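The values are calculated or read from the model by the stated rules, or taken from the named source; none is laboratory data. Since we're looking at a predicted model, the values are computed, not measured. With ideal geometry, Cβ positions are generated from the backbone for all residues, glycine too; neighbour counts draw on all protein chains shown. Ligands, DNA and RNA are excluded from the accessible area calculation, which covers all protein heavy atoms including side chains. Shrake-Rupley method; radii C 1.70, N 1.55, O 1.52, S 1.80 Å.
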Amino acid sequence: AQRVTQPEKLLSVFKGAPVELKCNYSYSGSPELFWYVQYSRQRLQLLLRHISRESIKGFTADLNKGETSFHLKKPFAQEEDSAMYYCALDMNYGGSQGNLIFGKGTKLSVKP
Amino acid sequence: NAGVTQTPKFHILKIGQSMTLQCTQDMNHNYMYWYRQDPGMGLKLIYYSVGAGITDKGEVPNGYNVSRSTTEDFPLRLELAAPSQTSVYFCATDFSHFGNQPQHFGDGTRLSIL
């Protein structure tokens, strides 16, 4: 079955430390993966997507098909990065249905 | 542009009552989605629509109904509210599933059923 696993409910780091939010997926097809972020009192919003290979707010994520992972990384965490982060798998990329499978989320807390 | 607007933001409903959660968008997006998010869980798809007049079930459709009479509006109806439907409900849209556009989310509706 298709599944997205974020093993850490809470990740706490100090400002300036590197951060890695883990995401593993289970999907037999060609995956399309996203990271969404929800800051306090704000709506869920796209942070970055696999296909774009972009760096947003210093975050990057590389798709590792061998390890079925899409970990989110940032070399130097900032306090404003504190938020809930959700990894999501698009099961029907290029198809006619919309179906994102979300992980349970990781709460990142960056301490001063 | 407002983007995706959900109303109400909060509501308390009694068991057995009915209610419609509203979602409207001004981006002319074809695809619209309803998710629910239970505490400590990820979002689960309830229903989605690929355009006006077309809707389909997602992962957890039981107890809900939707309609899509216009591009802008995608209301979610709870007919006989049950405590298990206490959740935060999110509406989302995207322009087209082809081309891998990101989904745009509303602020959510926090619904409690007592």
Whenever you get a sec, line up B:73, A:81 from highest to lowest accessible area (probe 1.4 Å, protein heavy atoms). B:73, A:81
Within chain A, what's the longest stretch lacking trypsin sites (Lys or Arg not before Pro) that sit in DSSP loops with no more than 14 other Cβ atoms inside 10 Å? A:66-112
Can you give me the accessible area per residue for segment A:3-111, using a 1.4 Å probe, in Å²? 49
Return the value, in Å² to the nearest 100, of accessible area buried between chains A and B (probe 1.4 Å, both sides summed). 2000
Carbon/sulfur accessible area of chain B, % of total, 1.4 Å probe, equals 54
Give the accessible surface of segment B:4-113 per residue, rounded to a whole number of Å², with probe radius 1.4 Å and ligands, DNA and RNA excluded. 44
Relative counts (whole %) of C-alpha pair distances in chain A, using bins that are 10 Å wide: 15, 49, 29, 7, 0
Segment A:3-111, relative contact order in percent, only Cα pairs under 8 angstrom and at least six apart counted: 38
Loop-located trypsin sites (Lys or Arg not before Pro) in segment B:14-63, at most 11 other Cβ atoms within 10 Å (DSSP): B:14
Candidates B:32, B:19, B:41: whichever shows maximal mean-square fluctuation once chain B is modelled as a Gaussian network with Cα springs under 10 Å: B:41
Assuming 0.36 nm per residue, please report the length gained on full extension of the stretch residue B:18 to residue B:80 beyond their Cα-Cα distance. 21.8 nm
Rounded to the nearest 10 Å², what accessible area does residue B:105 show when all protein chains are kept and the probe is 1.4 Å? 0
